[in-house]
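K.L.:
Here it is, the structure, as structure tokens.
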Amino acid sequence: MKLHHTYFYHPDFVENNTAVIEHFERQEISMQKIQNALGRAERFIVPKNSFETTLSMGIEAARGVLKESNISILDMDIIIFVSSSPEHHIPCDAIQIHHALNGKPNTLCYDMNANCIGAFIALDQVSRYLKGTRSGTKALVVCAEKFSRILDPDNPITAFCLSDSAFAFIVENDGDDTSGLLDVLYHTDSSFCNTVLYPPKGNSHHDHGDLTTWDRIFDGMGSVNFALENIPLFLKRNQISLEQIDLFLFSQFSIRNINMIRDYFQLPEEKIPFYSKELGYTGASSPFLALDQYQKEVKSLKKGDYILIWTLGTGYQAGLMLWKY
């Protein structure tokens, strides 16, 4: 199983967070603590006068990964669209992507919304599906978010945190059982299910202009504790040591949370990439965007390298994944 092709697409407009932080400081809202926790400098934003949508960005990311990989859309047996802010509910946007790219008839298409853990779950699902099916060999996973449309600009957490962007990757069953998904572990604490909400009163009471509500008691710490408690046990059951992990792909939401895990296990900083400072937080794609940027800016992974993925989604659920490159 291979995960060797990735592509990041984003709008041209970059918003520097300095002005946003100064806006809140003038209201005597201290931003230093939030900035230290999240670690942000810039974000990509779709301008209000732009016709760009979650779907159009997803299509561009899909085109990009197909072009760069030199793989045809006709080779794709599955298209999964991962988004918390899809352009359509009916039909699913995966079908819209299939249509835009002229996919073949015998293609499985579906959308997924598991918030920020969505791409993690998609990789888990397609890996198992491709391994178990007789006919399918390749899957196209497209993640896209237009967060600026649904986030509250007056909330100091969301106002300078998230980017509008799209990301695509290809999963291929090449018949090599020595690489790919080795194990996965999930954890859900649904007591946080009402801390981050959109629409705030549900679709049955949705009004135009509704924005996401975000209770600051949700900071992802539960998922950090999950990682601290379970990483040693997770690796032990796979007979892998921490020292054998070549790259740690952690949720890019919070640099503080990453540093807590790094310091607890005394992990080498160079093995834990963080790119949300320059790119903003991209949601479900964030650990895979870290993989993409790491291989472009640091070095390419080689066959047999071990990757440990940890990420989370609001509500909340978290996961650990062990992948052999």
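The values are calculated or read from the model by the stated rules, or taken from the named source; none is laboratory data. These figures come from a predicted structure and were not determined experimentally. Virtual Cβ from ideal backbone geometry, glycine too; neighbours counted across all protein chains shown. Only protein heavy atoms, including side chains, enter the accessible area calculation; ligands, DNA and RNA are left aside. Shrake-Rupley method; radii C 1.70, N 1.55, O 1.52, S 1.80 Å.
K.L.:
By its C-alpha gyration tensor, with a ≥ b ≥ c as the square roots of the eigenvalues, how is the stretch 215-325 shaped: rounded for a/c under 1.5, else prolate for a/b larger than b/c, else oblate?
P.N.:
Because a/c hits 1.5 or more and a/b fails to exceed b/c, the stretch 215-325 counts as oblate.
K.L.:
Under the definition of Cα pairs under 8 Å and six or more residues apart, what whole-number percent is the relative contact order of the stretch 171-325?
P.N.:
Once divided by the residue count of the stretch 171-325, the mean separation gives 37 percent.
K.L.:
Moving on. With charges set only on the Cβ (+1 for Lys and Arg, -1 for Asp and Glu), what does the dipole of the stretch 235-325 come to about its Cα centre, in debye to the nearest 20?
P.N.:
I would put it at about 240 debye.
K.L.:
Taking the Cα centre of the stretch 186-278 as origin and charging only Cβ (+1 Lys, Arg; -1 Asp, Glu), how large is the dipole, in debye to the nearest 20?
P.N.:
On the way: 8 positive and 12 negative charges, 32 e Å.
Result for the stretch 186-278 is approximately 160 debye, rounded to the nearest 20.
K.L.:
Sorted by packing (mean other beta-carbon atoms within 10 Å per residue), highest first, where do 205-214, 74-83 land?
P.N.:
Ranked from most to least packed, the peptides come out as 74-83, 205-214.
K.L.:
Follow-up. Just tell me which aspartates and glutamates come within less than 17 Å, Cα to Cα, of residue 2; anything on the same chain fewer than 8 places away is out.
P.N.:
Residue 2 reaches 68, 75, 77, 124, 172, 174, 176, 177, 183, 246, 292, 305.
K.L.:
Right, another one. Which value, in debye to the nearest 20, gives the size of the charge dipole of the stretch 1-136 about its Cα centre, when Lys and Arg are +1 and Asp and Glu are -1 at the Cβ?
P.N.:
Computed charge dipole of the stretch 1-136: roughly 500 debye.
K.L.:
Highest mean first, what order results for 283-289, 45-51 on Cβ atoms within 10 Å?
P.N.:
Details: 283-289: 27.9, 45-51: 12.6.
Taking the mean over residues of other Cβ atoms within 10 Å, the ranking is 283-289, 45-51.
K.L.:
Any chance you could list P(r) for the stretch 159-215, counting all Cα-Cα pairs in 5 angstrom bins from zero, rounded to whole %?
P.N.:
Going from the shortest bin to the longest, the percentages are 4, 11, 12, 12, 14, 15, 11, 10, 8, 3, 0.
K.L.:
For the chain, build the charge dipole from Cβ charges (+1 Lys, Arg; -1 Asp, Glu) around the Cα centre, then report which of 274, 171, 208 sits farthest towards its positive end.
P.N.:
171
K.L.:
Over all directions, the average projected area of the alpha-carbon convex hull for the stretch 46-185 comes to how many nm²?
P.N.:
Taking a quarter of the hull surface, the average projection is 9.8 nm².
K.L.:
What list of ³J(HN,Hα) values in whole Hz, one per residue of the stretch 16-27 in order, does the Karplus curve 6.51 cos²θ - 1.76 cosθ + 1.60 (θ = phi - 60°) give from phi, with Gly and Pro shown as x?
P.N.:
Working through the residues one at a time gives 7, 7, 4, 5, 5, 5, 4, 4, 6, 4, 5, 8 Hz.
K.L.:
Given a cut-off of under 8 Å on Cα pairs at least six residues apart, what relative contact order in percent is computed for the chain?
P.N.:
Reported relative contact order: 25 percent.
K.L.:
So, by mean Cβ neighbours within 10 angstrom, what's the order for 121-127, 174-180, 133-139 with the highest one leading?
P.N.:
121-127, 133-139, 174-180
K.L.:
Sort 242, 322 from largest to smallest accessible area, using a 1.4 Å probe on the heavy atoms of the protein chains.
P.N.:
So, going from the largest accessible area down, we get 242, 322.
K.L.:
Hey, if you put +1 on the Cβ of every Lys and Arg and -1 on every Asp and Glu Cβ in the stretch 66-223, which of 94, 144, 114 ends up farthest toward the positive end of that dipole?
P.N.:
94
K.L.:
Moving on. Can you give the helix-only mean residue ellipticity at 222 nm for the chain, where every DSSP H stretch with n ≥ 4 adds -39500 (n - 2.57) and the sum goes over all residues, rounded to the nearest 500 deg cm²/dmol? If you can, show how the numbers build up before the last one.
P.N.:
Details: 9 runs with 101 residues, N = 325.
Per the formula, -9500 deg cm²/dmol.
K.L.:
For the stretch 60-99, divide the Cα radius of gyration by the Kirkwood radius and give the resulting Rg/Rh value with two decimals.
P.N.:
0.99
K.L.:
Taking the solvent-accessible surface of protein heavy atoms with a 1.4 Å probe, what is the per residue accessible area of the chain in Å²?
P.N.:
Value for the chain: 46 Å² per residue.
K.L.:
Classify the chain as rounded, prolate or oblate, taking a ≥ b ≥ c as the square roots of the eigenvalues of its Cα gyration tensor: rounded when a/c is under 1.5, otherwise prolate if a/b is larger than b/c and oblate if not.
P.N.:
oblate
K.L.:
Going Cα to Cα from residue 201, which lysines come in below 28 Å? Please leave out same-chain ones fewer than 8 positions away.
P.N.:
Partners within reach: 48, 146.
K.L.:
So, with a 1.4 angstrom probe, what is the percent of accessible area on the chain that is carbon and sulfur?
P.N.:
Carbon and sulfur: 49 percent of the exposed surface of the chain.
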